[in-house]
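The values are calculated or read from the model by the stated rules, or taken from the named source; none is laboratory data. Every value quoted in this text rests on a predicted model; they were computed, and no experiment measured them. For neighbour counting, all protein chains shown are included, and Cβ atoms are generated from backbone atoms with ideal geometry for every residue, glycine included. These accessible areas exclude ligands, DNA and RNA; they are computed on the full protein's heavy atoms, side chains included. Shrake-Rupley method; radii C 1.70, N 1.55, O 1.52, S 1.80 Å.
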Amino acid sequence: MFMKRRKRITPFAIWKQATQRDGRRYAVDHPIPGDEQPLTFIQSLWYYYYIGKVQQIPNERYAACANAFLEGYCTQLGMEKPEGVLIPTLKSLAAVITVFNEEGTIGNVLAELRRFPMKEIIVVVNGTTDNSFAIARQNTLATIVHYPGSVGHDVGRSIGAKLTTADMVLFLDGDIPIKAEQLVPFIRAMDRGVDVALNDMTPFIGQFARRDGVTMMKEFLNTIQDRPDLKSNSMTAIPHMLSRKAIEQIGVAHLAVPPKAQSLAIKLGLNICAPASVDVITVNKVTQLNTGTSNPVANLILGDHLEAMHMLIKSHSSRLGFEDPIRKRSALAEGLTWI
């Protein structure tokens, strides 16, 4: 006779069950007031529970625990669970999305953002000739900024940032839908005091010898500013987030040139990190502008980095941190005679 093998319960499963049980308890002690939006009210309860009991949970476990709390709370009250993601902050959240002929994806991008308790969603539609504008307008929570002509690369982010008032602002592109759960680590970083949260692209770019010139330039710019820990991570890639402090100190106009904005952030001593990795390379829309050697987009980004370096050189009296142990420049002042 064979005995049925008992299913092993992992420590995380126990933790998840406890979180669900605590969600039930919170529902008993704190039912939803009649004039409150359910997800907004539960969000505030979750945050205080989060900072008190599960603040150190790894990013990859966060979504499961937050969902368990939400399930427990709603089950206790006999209500349908809202379609949303509880975020680890009480700070207000905004998103800026730039859109150029993205009718096939902008709806999904906005659908994921609706799963967050958003204060503002700014959609900058520019140069669009398809149905992107009409699809974006279907989202009643979004503010649509429409430019009939193209405003150019990254200018839309600058325009959108100027219109936001939230404590933290998420920057996305209309052609790459990203699951709300993947964005949570950036929000966690912001809540803990980070000013600039970058997408950690390191797992997706391979060995140094096989990297393209743009990736090498990104890493070089970080290195000469004594931030080799940032590697090739850059504000040129989405998703990334900025705090209100970062937007105000960098200046919205500089956001139109992401490498320059990042160099200013480093120069200003803002808190910068890359808290999570989201693969936006394999899903990036391939066009004639971003493929091939010396393509227009690559040349544009390289030019942006050169602009950032020019700014640093003008404001830096030394060799951007590189020592010169070989030349004896003092010899010029000593008036040596060459024979």
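Things worth noting here:
- Screening segment 278-288 for residues that are among the β-branched types (V, I, T) and surrounded by 14 or more Cβ atoms within 10 Å (Cβ to Cβ) and picking the one that is farthest from the chain's Cα centre (by Cα) gives V280.
Conditions tested, residue by residue: (1) in contact with a Ser or Thr (Cβ under 9 Å, 6 or more places away or on another chain); (2) open to solvent by less than 50 Å² (accessible area, probe 1.4 Å).
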{"site": "V196", "(1), (2)": "yes, yes"}
{"site": "K231", "(1), (2)": "yes, no"}
{"site": "A237", "(1), (2)": "no, yes"}
{"site": "H240", "(1), (2)": "yes, yes"}
{"site": "I247", "(1), (2)": "yes, yes"}
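- All positions within segment 245-288 that are in contact (Cβ under 8 Å) with a residue 12 or more places away in the chain, of a type in the set (S, T, Y) and within 23 Å of G303 (Cα to Cα): S263
- Test: residue in segment 55-75 that is more than 21 Å from A180 (Cβ to Cβ), open to solvent by 70 Å² or more (accessible area, probe 1.4 Å) and modelled with pLDDT of 95 or more: yes
- Filtering segment 236-277 to residues that are under 18 Å from H153 (Cα atoms), assigned to a loop (DSSP other than H, G, I, E, B), over 13 Å from the mean Cα position of the chain (by Cα) and small (G, A, S) leaves only G251.
- I51 at pLDDT below 90, surrounded by fewer than 18 Cβ atoms within 10 Å (Cβ to Cβ) and among the aliphatic types (A, V, I, L, M): no
- Filter pass, A166 being in contact with a Ser or Thr (Cβ under 7 Å, 6 or more places away or on another chain), of a type in the set (G, A, S) and over 28 Å from T282 (Cβ atoms): yes
- Which numbered condition V99 misses (of (1) modelled with pLDDT of 95 or more; (2) open to solvent by 40 Å² or more (accessible area, probe 1.4 Å); (3) under 21 Å from H240 (Cα atoms)): (2)
- Test: residue in segment 119-131 that is surrounded by 15 or more Cβ atoms within 10 Å (Cβ to Cβ), among the hydrophobic types (A, V, I, L, M, F, W, C), under 24 Å from I187 (Cβ atoms) and at pLDDT below 95: no
- Total residues in segment 207-232, condition under 20 Å from the mean Cα position of the chain (by Cα) and on the phi > 0 side of the Ramachandran plot: 1
- Screening G251, G269, G213 for residues that are of a type outside the set (V, I, T), open to solvent by 40 Å² or more (accessible area, probe 1.4 Å), closer than 18 Å to E307 by Cβ and out of contact with any His (no Cβ under 9 Å at 6 or more places or on another chain) leaves exactly one candidate, G213.
- Within segment 290-318, if we keep just the residues that are modelled with pLDDT under 65 and open to solvent by 100 Å² or more (accessible area, probe 1.4 Å), the residue that is farthest from the chain's Cα centre (by Cα) turns out to be S317.
- L221, sole failed condition from (1) open to solvent by 30 Å² or more (accessible area, probe 1.4 Å); (2) touching a helix residue (DSSP H, G or I) at 6+ places or on another chain (Cβ under 6 Å): (1)
- Helices (runs of 4 or more DSSP H) wholly inside segment 114-206 containing at least 1 residues that are more than 14 Å from the chain's Cα centre (by Cα) and touching a residue at least 12 places away in the same chain (Cβ under 8 Å): 132-137, 155-163
- Any hit, segment 3-21, residues being exposed (fewer than 14 other Cβ atoms within 10 Å of the Cβ), polar (S, T, N, Q) and at pLDDT 90 or above: yes
- Checklist (1) part of a loop (DSSP other than H, G, I, E, B); (2) modelled with pLDDT under 65; (3) farther than 25 Å from V155 by Cα applied to I326, failing item: (2)
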